[in-house]
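Notes for the one structure printed next.
Derivation of every value follows stated rules applied to the coordinates shown; laboratory data play no part. The structure presented is a predicted model; accordingly, all values stated were derived computationally and were not measured. Neighbour counts are summed over all protein chains in view; Cβ atoms, including those assigned to glycine, are modelled from backbone coordinates with ideal geometry.
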Amino acid sequence: MKALDNHWRTSTRSGGNGACVEARYTDHTAQVRDSKDRPGPALAFSAGQWVDFVQGIKAGKFNA
């Protein structure tokens, strides 16, 4: 995980219709928010939780 990157990013796979999530890395957390509600709440995850989540996605653990 990167050190400090306060810029919100949208997935390159986003369809551009505003129905996606944005993520950013801060000092010790990864944060995720709804792109349709930018001033709303953001979920925060520890570095380990975020890495586990991303690895789970890559491994197909969340496929329906």
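Compute the relative contact order of region 5-58 as a whole-number percentage, counting only Cα pairs closer than 8 Å that sit 6 or more residues apart in sequence.
Dividing the mean separation by the residue count of region 5-58 yields 24 percent.
Please give the length that would be gained between Arg9 and Leu43 if that part of the chain were fully extended, namely 0.36 nm times their separation in residues minus their C-alpha to C-alpha distance (nm, one decimal).
Result: 10.8 nm gained on full extension.
Starting from the 7 Å offset along Cα-to-Cβ, what nm value, one decimal, do you get for the label separation of Lys58 and Asp34?
A separation of 3.0 nm, rounded to one decimal place.
Pull up all non-local amide H partners of Thr26: gap of 5 or more, or a different chain, and H-to-H distance under 5 Å with H placed in the peptide plane.
Asp5, Gln31
Taking every pair of Cα atoms in the chain, average 1/r, invert it to obtain the Kirkwood radius, and report Rg/Rh to two decimals.
My calculation puts Rg/Rh at 0.97.
Could you work out the helix-only [θ] at 222 nm for the chain, with each DSSP H run of four or more residues adding -39,500 (n - 2.57) and the total divided by the number of residues, to the nearest 500 deg cm²/dmol?
Roughly -6000 deg cm²/dmol at 222 nm, from the helical runs in the chain.
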